[in-house]
Amino acid sequence: MHHRAPLPARLADLPRAPAAAGVPRRARCRRRGGRCAGQGLPHPDWDAWKDSPLALAQAHETREKLKAAHSELAEEGAIEIVIIKTTGDMILDKPLADIGGKGLFTKEIDDALLQGRIDIAVHSMKDVPTYLPEGTILPCNLPREDVRDAFICLTANSLAELPAGSVVGSASLRRQSQILYRYPSLKVVNFRGNVQTRLRKLKEGDVSATLLALAGLRRLNMAENATAVLSVEEMLPAVAQGAIGIACRSNDDKMMEYLSSLNHEDTRLAVACEREFLAVLDGNCRTPIAAYAYRDKDGNCSFRGLLASPDGSKVFETTRSGPYSFDDMVELGKDAGHELKAKAGPGFFDSLQ
């Protein structure tokens with residue numbers, strides 16, 4: 001058993017030597033290798049994050065917010081970032097659906113959290129399964145970034161301008177299905193890797209164009225690479241796209257106190273609404289699903305949801321509006337999910353297995 005200083009969390013991803021008896025450890029915050037980040041000071045000899053700059057950016061964002069909110073965490077060494085390389089980050093030559101789905105981006109981090117090797121975990125919420133592991137809680141969502149997707153191409157200014165037969169690279173079935181639905185003359189191929197890798201492959205001519213989350217580009221200070229930003233009407237975002245969530249153990253009151261102080265309630269409610277919609281549809285990496293909940297100009301919740309076949313031949317959509325409150329928005333998301341589930345029918349889901 002190791003002792004922890006009464007400071008915040010550790011981000012763990014790599015195995016650590018046990019602390020010497022009686023020597024307290026620095027708080028650690030965990031982050032998922034490749035996309036999630038935890039707070040803390042980088043280890044002097046730590047370089048495991050080099051292949052996941054977006055995850056590192058999210059870790060640093062979380063760390064800075066914790067330091068600003070709690071003076072004791074601003075002390076040198078109070079927070080340590082630990083990188084955890086996940087299975088989903090390491091296997092890049094296969095579609096996510098073929099290797100186990102999005103849970104592969106969080107399992108190793110969840111295990112480290114439950115084992116006490118880290119104290120908090122920073123996640124991209126779009127990668128978090130709808131059901132959290134028992135013993136963990138997610139008390140904090142940071143303010144949501146722009147939810148839209150960026151179109152990146154060296155030869156055209158929009159998807160509509162691409163010549164018939166052009167190849168668009170994307171690892172997301174959500175994006176693939178919506179592209180094929182609106183532009184059936186285009187071709188889509190699986191296209192995985194971090195942001196830098198995808199941009200390099202695009203420049204090398206592997207594909208004609210690609211789509212990336214604008215939020216990720218902005219967090220990396222790479223938004224200038226976007227040729228155009230797609231409206232949510234043209235490309236409905238992934239559930240919880242642009243949102244960062246921070247988890248801790250459900251029995252760790254101190255961590256919950258730290259994290260709750262950072263929570264952005266509008267984001268938490270929007271994410272809860274969208275995730276309820278996803279849960280009803282039992283969404284996985286074989287099911288193209290998109291959703292977006294936001295506070296409209298009247299202060300109410302506006303919601304759009306989409307369910308599609310991977311080839312874009314079938315698309316079911318719905319809209320909702322209601323009070324911007326937790327219970328109402330959870331019910332709204334649930335109701336929207338049941339509507340699309342009924343519209344699609346059981347045979348639709350059987351065909352995706």
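General remarks:
- Yes/no for N251 being in a loop (DSSP other than H, G, I, E, B) and in the same structural domain as D119 (by the TED database): yes
- Qualifying residues in region 188-203 (those that are within 13 Å of V167 (Cβ to Cβ) and assigned to a loop (DSSP other than H, G, I, E, B)) - the one modelled with the highest pLDDT: N190
- Whenever a residue of region 335-352 is more than 17 Å from E317 (Cα to Cα), its partners that are not in a helix (DSSP H, G or I) and not small (G, A, S), lying with C-beta atoms within less than 6 angstrom and at least six residues away or across chains, give the pairs L352/R286; L352/T287.
- Qualifying residue in region 342-351 (condition: hydroxyl-bearing (S, T, Y), more than 22 Å from E145 (Cβ to Cβ) and part of a strand (DSSP E or B)): no
- Set side by side, the residues A156, A121, A171, A164 differ, and just one is in the same structural domain as L217 (by the TED database), at pLDDT below 95 and either surrounded by fewer than 19 Cβ atoms within 10 Å (Cβ to Cβ) or touching a helix residue (DSSP H, G or I) at 6+ places or on another chain (Cβ under 8 Å) (or both), which is A171.
- The residues listed here are E234, E257, E276; of these, the one that is in a helix (DSSP H, G or I), at pLDDT 95 or above and surrounded by fewer than 20 Cβ atoms within 10 Å (Cβ to Cβ) is E257.
- Selected residue (criterion: surrounded by the most Cβ atoms within 10 Å (Cβ to Cβ)) from residues of region 307-341 that are polar (S, T, N, Q) and part of a strand (DSSP E or B): T318
The values are calculated or read from the model by the stated rules, or taken from the named source; none is laboratory data. This structure is a prediction, so every number in the text was calculated from the model and none was measured. Neighbour counts are summed over all protein chains in view; Cβ atoms, including those assigned to glycine, are modelled from backbone coordinates with ideal geometry.
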